[in-house]
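Structure first, then comments.
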């Protein structure tokens, strides 16, 4: 069985996008009003700062979202999770169980009593997560030597 790679996308930073939009629109509107009406320079500066802060927050949210993406690679020997924090890996022979939260997309790979690898599938449909778990289960069964019982 060839190695399979899955992309793990981070949660969308909705709150940061919302705050950024409000700050940018408020700053731009206030800046236009202050310049058209010839208001005090301090108000123009405040509006410009608000606009720039909103745009910087948008940029920071986009960069953080891009940097938080991860990659899950499944092969015959084990699994590898690559992210900006580094690389985590484990062998199927050491995996004792794989659990999934009832609500949401959190999957935990247990290796004995000590090691846990947590995966957050935030933007995937439940059916896609089920496919990933089915493949993990098949690879785990294969590594442990389990096979389908034919009744004999």
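The values are calculated or read from the model by the stated rules, or taken from the named source; none is laboratory data. Quick caveat, the model's predicted, so the values are computed rather than measured. Don't worry about glycine lacking a Cβ; one is built from the backbone with ideal geometry, like all the others, and counts go over all protein chains shown.
Brief remarks follow.
- Only a single criterion out of (1) surrounded by 15 or more Cβ atoms within 10 Å (Cβ to Cβ); (2) not assigned by TED's automatic domain parsing to the domain that holds residue 122 is not satisfied by residue 45, namely (1).
- The number of residues in the stretch 134-152 being loosely packed, with under 15 Cβ neighbours inside 10 Å and either at pLDDT 85 or above or at positive phi (or both) comes to 7.
- Criterion violated by residue 31 - all others in (1) within 33 Å of the chain's Cα centre (by Cα); (2) not assigned by TED's automatic domain parsing to the domain that holds residue 94 satisfied: (1)
- Filter result for the condition that a residue is touching a helix residue (DSSP H, G or I) at 6+ places or on another chain (Cβ under 6 Å), surrounded by 16 or more Cβ atoms within 10 Å (Cβ to Cβ) and either closer than 30 Å to residue 138 by Cβ or at pLDDT below 95 (or both), over 27, 78, 54: 78
- Cβ-Cβ distances below 8 Å connect the following pairs, each with a first residue in the stretch 108-129 that is over 20 Å from residue 71 (Cβ atoms), a second residue that is part of a loop (DSSP other than H, G, I, E, B), and a separation of six or more residues or different chains: 110/95; 110/96; 112/96; 126/105.
- A count restricted to the stretch 57-75 and to residues that are closer than 30 Å to residue 143 by Cα and either in a helix (DSSP H, G or I) or modelled with pLDDT of 95 or more (or both) stands at 0.
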